[in-house]
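Below is one structure; the comments refer to it alone.
The values are calculated or read from the model by the stated rules, or taken from the named source; none is laboratory data. Computed from a prediction, not measured in an experiment: that's the story for all the values here. Cβ: placed from backbone, ideal geometry, glycine included. Neighbour counts: every protein chain shown.
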Amino acid sequence: MDNQFTIYFAGSLFNHKDLIGNALLAEHIEKCSDNRYKCCLPQNLEQHQTTAVEIRNQDIAKVIECDLGLFNFDGTELDAGVVVEFMIAKFLDIPTVILRSDFRTCSEKEVGGEDWNFMCSFYPRTRIVKLNAIMSYQEALEEGQTLNEAIENYYTYMARLIIENLDAVRKEKTLLQGNREKLETLYEWALTFPGGGLDKLASGISTVDQIIAAKIKKGIA
């Protein structure tokens, strides 16, 4: 669908709080956008694979295939896997939104950076959504009569902020402005440089030509 955009939703997924939080936010993004945005959660991908490299390859392939990226930058130290996926998205000029709900800061702030290492900052076609998780949670509790109502208010508020920024970032001028030759070179290299047999997945997810054509048609590449 030309009016539906896929989002690679990257975030920690190693405990029940991360897993449920990711799933709830993804559901609300889809619902609040009237399904304009469809989230791809790595935690929901079928993992018939049995090795670490195969799981890694599957996730990288999804980053490459999706239209946009949503990256959770919570924590005093950013999740290493999220950082790698973010950099691959920026390498391909994929429109991206960074979400930071963690109210803690780091020393990078003192030198003009964000609340994380400044090597992950200042990239084109990248929007940042920041909110204070505990304050937003307490406000949602005050507004809702029950915990379920508070959860609904909490994730609806967050989803609408993200959707607003997804709408804005995908309309920003692309770096390569639909140059098919350069885009093909970039995407082919993105499937090649990680090694580990990632390039063999190209025919499985679709060809580079098909990915690029679909993104150009949607106005995001």
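Residue count for the stretch 129-149, restricted to those that are in contact (Cβ under 8 Å) with a residue 12 or more places away in the chain, β-branched (Val, Ile, Thr) and surrounded by fewer than 15 Cβ atoms within 10 Å (Cβ to Cβ): 1.
Candidates are the residues of the stretch 169-216 that are among the β-branched types (Val, Ile, Thr) and surrounded by 15 or more Cβ atoms within 10 Å (Cβ to Cβ); the one that is modelled with the lowest pLDDT is 205.
Taking first residues from the stretch 73-90 that are on the phi > 0 side of the Ramachandran plot and buried (at least 20 other Cβ atoms within 10 Å of the Cβ) and partners that are modelled with pLDDT under 95 and small (Gly, Ala, Ser), no Cβ contact under 8 Å between residues at least 6 apart in sequence or on separate chains turns up. Listed by first and then second residue, the pairs with beta-carbon distance under 6 Å, at least 6 apart or on different chains, first residue in the stretch 170-193 and assigned to a loop (DSSP other than H, G, I, E, B), second surrounded by 15 or more Cβ atoms within 10 Å (Cβ to Cβ) and of a type in the set (Val, Ile, Thr), are 170/220; 178/216. Taking the stretch 17-62 as the region of interest, how many residues are of a type in the set (Gly, Ala, Ser), buried (at least 19 other Cβ atoms within 10 Å of the Cβ) and either within 22 Å of residue 94 (Cα to Cα) or more than 15 Å from the chain's Cα centre (by Cα) (or both)? Of the residues in that region, 3 qualify.
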